[in-house]
Amino acid sequence: MSHHNLISEFNKIYYNDENNTWKSTLWLGTPIQKFPTDLWMYQEIIYNLRPDLIIEAGTLYGGSASFLATILEAIGHGRVISVDISDGPDPEKPRPRHRRLKYIKGSSTDEIVLLKLAEESAGLDTVMVILDSDHSKEHVLDELNCLKDMVTPGSYLIVEDTNINGHPVLPEFGPGPMEAVREFLAKNDEFIVDTSMERLMLTANPGGYLRKREPDCVYKRVAPCKNQRLGIHEIQTPVSY
Ligand SMILES: C[S@@+](CC[C@H](N)C(=O)[O-])C[C@H]1O[C@@H](n2cnc3c(N)ncnc32)[C@H](O)[C@@H]1O
């Protein structure tokens, strides 16, 4: 079996054993629906970028929001705003609180929510966005178009769960995040796919780590550019999964 196929098979094994893997992963006691290897990449991105603000669409239990706030606390900089249409799945268990974390209730594409987010991100040097809410293609594409301008040059717009709809898991899902990313990138050349974020092999976000171009930055193997502390190994257009 080829290296690519082995990685793809392991992605399926990990995803399909959900009760032992991503549905039972905890961050400081709170459920977090992420692969540990993706959380590691988040940690590297945050350490290197030192974002002033991280906007997360899709809170659920608050595990990922809490993770992001914890890493920001460790570097002593930045805050998180996490948006969700619901107050959380368990009314008995309030979401984690953190001085660097704020929750907003509403849809990530709602006009009033977007106005609040635009206000919060105005004038900041480094804003990063993570999309992990409704995974239908239509909604993700809407989010990409609504939130892309809040992402600052050199920063990330991370589209979660591009692995569903057969890339390689959950083939029956229908058009989802991967299809939204493909359509978005076909019309927006201000973002590139940072495949170096997939180097730990297991990722729920193949082709989903989008980086906003910096005007004076040449994206190639180990690209040195302004304010860049990240070791970019390779930037390329999305490959098919
Ligand atoms: C996959 S879960 C988020 C998981 C969480 N980020 C984590 O890693 O633990 C998706 C969440 O998106 C929320 N959601 C669904 N549609 C939404 C929308 N239009 N705007 C904001 N949140 C939405 C759901 O209520 C649910 O809590």
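What to note about this one:
- Among ILE104, ILE164, ILE112, residue whose mean-square fluctuation peaks in a GNM of the chain (springs only between Cα atoms under 10 Å): ILE112
- Under 12 Å, Cβ to Cβ, from VAL169 - net charge with Lys/Arg +1 and Asp/Glu -1: -4
- Taking all Cα-Cα distances within the chain, those exceeding 32 Å account for 14%.
- Distance violations [Cα-Cα > 18 Å] among LYS23/LYS148; LYS187/LYS212; LYS102/LYS212; LYS137/LYS187; LYS102/LYS137: LYS23/LYS148; LYS102/LYS212; LYS102/LYS137
- Highest GNM mean-square fluctuation among GLY62, GLY207, GLY29, for the chain modelled with Cα contacts below 10 Å: GLY29.
- For the stretch 19-66 versus the stretch 159-191, the spacing of their alpha-carbon centroids is 20 Å.
- Of PHE173, PHE191, PHE67, the one that fluctuates the most in a GNM where the chain has Cα springs shorter than 10 Å: PHE173
- A cut-off under 13 angstrom between Cβ atoms defines the neighbours of HIS77, and their net charge, with Lys, Arg +1 and Asp, Glu -1, is +1.
- Placing unit charges on the Cβ atoms of the charged side chains and taking the dipole of the chain about its Cα centre, the candidate lying farthest along the positive direction among PRO89, GLY76, TYR15 is GLY76.
- Here the sum of -39500 (n - 2.57) over DSSP H runs of 4 or more residues, divided by the residues of the chain, equals -9500 deg cm²/dmol at 222 nm, to the nearest 500.
- Here the chain is assigned +1 on the Cβ of each Lys and Arg and -1 on the Cβ of each Asp and Glu. Its dipole about the Cα centre then comes out at about 780 debye.
Rule-based calculations on the coordinates, nothing more; no lab input. This is a predicted model, so every value here is computed, not measured. Cβ sites come from the backbone with ideal geometry, for glycine too, and all protein chains shown count toward neighbours.
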